[in-house]
Protein chains: 2
Amino acid sequence: MANLTTQDKNKILRSLAQALLDNHQFIIKENEKDLRNAKKKNLSPAFIDRLTITRARIKTMSDSLKALVSLPDPVGEVIKQWTAPNGMRISRVRVPIGVIAIIYESRPDVTSDCIGLCLKSGNCVILRGGSEAINSNKAIYKVLSQALVKFSIPEGAVGLISTTRRQDVRALLRLNDYIDLVIPRGGEGLIREVTGHSRIPVIKHYKGICHVYVHQDADLLMAENICYNAKVQRPGTCNAMETMLVDKNIAPLFLPKMIERLKEAAVQIRGCPISRRIVKDIRAATDKDYRTEYLDLILSVKVVRDLDEAIEHINEYGSHHSDSIVTKNIEAASEFLKRVDSACVYHNASTRLTDGYQFGMGAEMGISTDRLHARGPMALEELTTYKYVIYGEGQIRI
Amino acid sequence: MANLTTQDKNKILRSLAQALLDNHQFIIKENEKDLRNAKKKNLSPAFIDRLTITRARIKTMSDSLKALVSLPDPVGEVIKQWTAPNGMRISRVRVPIGVIAIIYESRPDVTSDCIGLCLKSGNCVILRGGSEAINSNKAIYKVLSQALVKFSIPEGAVGLISTTRRQDVRALLRLNDYIDLVIPRGGEGLIREVTGHSRIPVIKHYKGICHVYVHQDADLLMAENICYNAKVQRPGTCNAMETMLVDKNIAPLFLPKMIERLKEAAVQIRGCPISRRIVKDIRAATDKDYRTEYLDLILSVKVVRDLDEAIEHINEYGSHHSDSIVTKNIEAASEFLKRVDSACVYHNASTRLTDGYQFGMGAEMGISTDRLHARGPMALEELTTYKYVIYGEGQIRI
């Protein structure tokens with residue numbers, strides 16, 4: 001996989017994209033089995049929506065594979081080049097990580113996205129999706145692997161674990177001699193299972209307790225639009241705002257209108273004592289609320305003394321994912337951007353923008369909530385590592 | 001620690017360097033306790049040599065701290081900068097990793113080196129050295145932390161674990177909420193202990209089964225000098241050659257003289273059947289030999305059919321650390337450099353050159369044998385991660 005040419009990889013991606021379209025009936029038929037089981041188990045409508053594959057969604061999956069064709073191949077890129085004191089020419093060259101295992105939950109489109117991303121970045125991949133989507137995942141995998149065989153990609157370079165037993169994941173996580181990286185994407189249970197049992201390096205795609213801080217020098221209309229977008233546009237995502245912080249000087253001016261607008265969008269508010277004095281009929285926020293990723297139309301609100309209190313609150317209660325300050329004060333903004341310890345720190349923009357496509361990376365494996373190797377949106381570059389290539393003329397160590 | 005200015009960090013480093021010199025008598029006196037215990041335990045002369053602190057070695061430790069002053073501060077460096085499709089200006093900015101735990105064996109100079117590297121890169125550090133060096137490590141730590149206090153560095157930002165019980169390390173390795181990275185530096189036992197029990201991300205500094213491959217188109221004199229250097233100059237290091245591969249066409253010409261020269265340097269040879277036909281009185285190499293890091297004046301030798309066999313042998317038996325090809329054939333060299341899956345791949349140079357100082361990085365935490373985050377020599381840059389700093393003008397997600 002590491003030695004495939006860019007041209008070959010792009011040809012394969014186009015063929016995979018076509019295979020999905022050609023086999024849409026088979027995939028939809030298999031997906032119906034999962035949908036029937038989900039309904040039998042009384043899973044939530046939101047869950048069933050994520051699980052459902054339509055012809056339009058197959059088109060989107062196919063388009064995502066095609067979109068990878070036009071992205072630059074990260075493999076072989078020279079990241080840095082210099083001459084050592086002894087005259088050796090050293091290059092730091094991008095190479096694939098190797099074998100990546102991805103453990104995810106119910107969305108079957110993740111299956112084809114991950115196969116495409118790993119192929120383009122020269123990695124082998126082992127996929128383990130949620131048991132509720134097992135028939136859908138097997139169908140997508142079958143269609144794509146039949147297309148791969150035509151290009152002599154060795155069987156097993158792209159793999160799907162087709163059992164649903166938990167002990168199989170545990171066995172996988174012990175294979176540190178064979179697997180280079182595990183990426184778990186999901187909720188608390190999945191993340192705990194993987195980090196607790198893995199001997200393989202892990203990059204978590206985990207929760208976002210994201211904040212928007214409305215500073216006293218904010219453009220209040222901009223602040224309102226950003227906060228509304230961060231909470232309401234798609235509340236079930238990791239980059240949605242869970243807590244809104246507001247400077248005490250502007251709280252009486254800002255909060256009533258903001259909260260009214262949020263309530264119109266059916267957002268439930270949980271507030272601190274000061275905010276509850278400013279706006280009536282707000283439920284009290286507990287300490288636990290400030291540590292909760294609601295993934296829902298619920299918002300914690302806290303009035304803060306100043307910038308320092310806002311930064312301290314975010315670093316203490318947040319999940320180091322995405323946090324934003326709204327202000328016209330440049331000094332306050334730089335202080336915030338410097339001291340808030342999060343993967344993405346924003347000035348005057350919505351936390352919802354943390355995303356590979358929005359960042360202009362053209363693709364996304366997900367958003368890393370870890371600090372090492374990849375932080376924030378992970379795309380093709382983040383699926384590579386590097387090696388040092390050194391040219392000498394007989395240099396030895398003296 | 002993350003917010004210290006470069007100027008402050010450099011002032012502190014100079015003061016730490018001076019403190020070591022001023023307190024050399026105390027450090028040497030405490031080191032003598034460890035030396036007495038080591039002799040009682042009949043530890044090897046090589047071990048005792050590594051453990052010994054002299055006035056000259058304190059000068060070296062002090063100089064290493066001073067050398068960090070002139071190196072660029074990695075924190076705050078803008079790695080990349082671009083404008084997203086929606087107009088946000090995005091920067092990828094280098095920031096410290098956070099809290100790093102370093103678990104190492106008997107060399108007490110590692111204690112001051114690690115404190116200096118973590119300080120300059122803005123990280124907090126927790127040190128756990130080998131029990132045999134406990135008095136020396138405590139003395140060095142005491143001297144340095146007394147100097148740190150004068151600069152109002154919070155107590156605990158630099159820490160040393162002063163107990164020697166194994167269960168304390170296990171407890172440490174479970175603190176994934178508080179520690180961001182563990183770096184174990186040492187042999188098989190230490191590495192297995194750490195990777196088997198850590199819930200914290202680990203970057204291993206582990207073994208090197210390094211190869212030099214003498215291609216049929218090699219300059220034989222250069223090949224001889226490189227192989228001699230890679231094996232003999234300092235055999236106890238991870239970047240020393242453990243296996244020499246020689247093309248069959250040139251083996252009859254190259255091997256006799258090479259092996260004679262190695263034997264003069266007291267190197268024991270273990271050879272494959274073909275090499276034993278070319279040079280008499282060589283002990284047979286077993287499959288296990290080719291997987292062994294001798295760290296000693298012992299060398300495995302194997303005659304190979306061609307480039308392909310050499311590459312396959314290295315990828316199968318090596319440890320993906322450092323491997324070199326000696327050849328005048330540029331095509332063979334590029335094939336080797338591309339397909340050998342090691343942190344450092346050399347053309348016409350000694351594997352002993354894998355080292356932060358030799359690479360011109362000016363410092364070294366050690367050599368990572370892992371694939372993620374940092375591969376090969378780790379210096380200041382590799383002790384950092386990044387965050388995205390994003391400037392908007394009210395952008396929201398549509």
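Annotations for the structure displayed:
- A:Ser334, sole failed condition from (1) surrounded by fewer than 15 Cβ atoms within 10 Å (Cβ to Cβ); (2) farther than 15 Å from A:His211 by Cβ; (3) away from chain B (no Cβ under 11 Å): (3)
- The residues listed here are A:Ser136, A:Ser162; of these, the one that is among the hydroxyl-bearing types (Ser, Thr, Tyr), closer than 17 Å to A:Tyr104 by Cα and surrounded by 17 or more Cβ atoms within 10 Å (Cβ to Cβ) is A:Ser136.
- Set side by side, the residues B:Ser300, B:Ser319 differ, and just one is modelled with pLDDT of 95 or more, in a strand (DSSP E or B) and in the same structural domain as B:Met241 (by TED's automatic domain parsing), which is B:Ser300.
- Checking B:Val93 against (1) surrounded by fewer than 22 Cβ atoms within 10 Å (Cβ to Cβ); (2) more than 15 Å from B:Ala2 (Cβ to Cβ), the condition it does not meet: (2)
Rundown of residues vs (1) touching a residue at least 40 places away in the same chain (Cβ under 8 Å); (2) within 18 Å of B:Ile314 (Cα to Cα), yes/no style:
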| position | (1), (2) |
| --- | --- |
| B:Glu224 | no, no |
| B:Tyr228 | no, no |
| B:Gly236 | yes, no |
| B:Ala240 | yes, yes |
| B:Thr243 | yes, yes |
| B:Asn249 | no, no |
| B:Leu255 | yes, no |
| B:Ile259 | yes, no |
| B:Lys263 | no, no |
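- B:Glu364 being surrounded by fewer than 22 Cβ atoms within 10 Å (Cβ to Cβ), charged (D, E, K, R) and not in a loop (DSSP other than H, G, I, E, B): no
- For the residues B:Leu173, B:Leu148, the requirement of being in contact with a Ser or Thr (Cβ under 9 Å, 6 or more places away or on another chain) and within 14 Å of chain A (Cβ to nearest Cβ) singles out B:Leu173.
- Screening B:Gly208 against (1) in contact with an Asp or Glu (Cβ under 8 Å, 6 or more places away or on another chain); (2) farther than 25 Å from B:Glu309 by Cβ leaves a single unmet condition, (2).
- Subset tally (residues that are surrounded by 14 or more Cβ atoms within 10 Å (Cβ to Cβ) and not in a strand (DSSP E or B)) for segment A:229-255: 17
- Criterion applied to A:Glu293, A:Glu316, A:Glu312 was being within 15 Å of A:Glu242 (Cβ to Cβ) and out of contact with any strand residue (DSSP E or B) (no Cβ under 7 Å at 6 or more places or on another chain), and the one residue passing it is A:Glu316.
- Of the strands (runs of 3 or more DSSP E) lying entirely inside segment A:51-150, those containing at least 3 residues that are in contact (Cβ under 8 Å) with a residue 60 or more places away in the chain and under 20 Å from the mean Cα position of the chain (by Cα) are A:99-103.
- Within segment B:71-98, the set of residues being more than 10 Å from chain A (Cβ to nearest Cβ) and closer than 30 Å to B:Leu51 by Cα comprises just one member, B:Leu71.
- When the criteria are applied in full, B:Glu309 fails the requirement of being of a type in the set (Asp, Glu) and within 23 Å of B:Asp113 (Cα to Cα).
- Pick from segment A:348-363, criterion free of Cβ contacts under 8 Å to residues at least 60 places away in the same chain and within 19 Å of A:Ala240 (Cβ to Cβ), ranking: farthest from the other protein chains (Cβ to nearest Cβ): A:Gly356
- The number of residues in segment B:371-388 that are facing another protein chain (nearest Cβ under 7 Å) and either in a loop (DSSP other than H, G, I, E, B) or touching a Pro at 6+ places or on another chain (Cβ under 6 Å) (or both) comes to 4.
- B:Ile396 over 20 Å from A:Met378 (Cα atoms) and facing another protein chain (nearest Cβ under 9 Å): yes
- Within segment B:178-196, restricting attention to residues that are within 11 Å of chain A (Cβ to nearest Cβ) and surrounded by fewer than 17 Cβ atoms within 10 Å (Cβ to Cβ), the residue that is nearest to A:Leu175 (Cα to Cα) is B:Gly196.
The values are calculated or read from the model by the stated rules, or taken from the named source; none is laboratory data. All values reported here derive from a predicted model rather than from experimental measurement. We place every Cβ from the backbone using ideal geometry, glycine too, and count neighbours over all the protein chains shown.
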